[in-house]
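One structure below.
The values are calculated or read from the model by the stated rules, or taken from the named source; none is laboratory data. What you see is a predicted model, and the numbers here were worked out from it, not measured in a lab. For neighbour counting, all protein chains shown are included, and Cβ atoms are generated from backbone atoms with ideal geometry for every residue, glycine included.
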Amino acid sequence: MTLRKVEVADATASLATYVREGHWGPVVVTDGGRPVAALVILDNTDLETLSLSNDPEFLELIQSSRSRHTSEGGLSSAEMRRRLAIELQE
């Protein structure tokens with residue numbers, strides 16, 4: 001994968017051109033040499049996944065859940081399947 005950098009002042013091509021170039025790797029836009037934006041190709045994703053992965057409240061909820069699981073423990077996926085199968089049969 002090749003990373004392409006383009007300075008904001010030099011980013012004069014159409015967005016479609018940069019998208020086509022993105023198949024070779026990310027296109028990083030810089031301002032004075034400092035990265036300020038990136039254009040990446042999204043393979044195997046959907047808008048909901050993209051939205052949630054950038055939502056600070058959702059990310060905090062996930063981190064909180066992971067911390068709670070670490071400190072208090074939790075159920076394995078096998079145990080959850082076992083419990084759900086029992087509940088579904090009733």
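Would it be correct to say that Ile41 is of a type in the set (A, V, I, L, M, F, W, C) and surrounded by fewer than 11 Cβ atoms within 10 Å (Cβ to Cβ)? Can you show your working first?
Values: of a type in the set (A, V, I, L, M, F, W, C): yes; surrounded by fewer than 11 Cβ atoms within 10 Å (Cβ to Cβ): no.
Judged against the criteria, Ile41 is not a match.
Return yes or no: is Pro35 in the same structural domain as His23 (by TED's automatic domain parsing) and modelled with pLDDT of 90 or more? Answer is yes for this residue.
In region 1-38, which residue that is polar (S, T, N, Q) and surrounded by 11 or more Cβ atoms within 10 Å (Cβ to Cβ) is farthest from the chain's Cα centre (by Cα)? Break it down into steps so the answer makes sense when it comes.
In the first step, residues of region 1-38 are kept if they are polar (S, T, N, Q); the result is 2, 12, 14, 17, 30.
Those left that are additionally surrounded by 11 or more Cβ atoms within 10 Å (Cβ to Cβ): 17, 30.
Numbers: Thr17: 23, Thr30: 21 Å.
So, considering only residues that are polar (S, T, N, Q) and surrounded by 11 or more Cβ atoms within 10 Å (Cβ to Cβ), the one farthest from the chain's Cα centre (by Cα) is Thr17.
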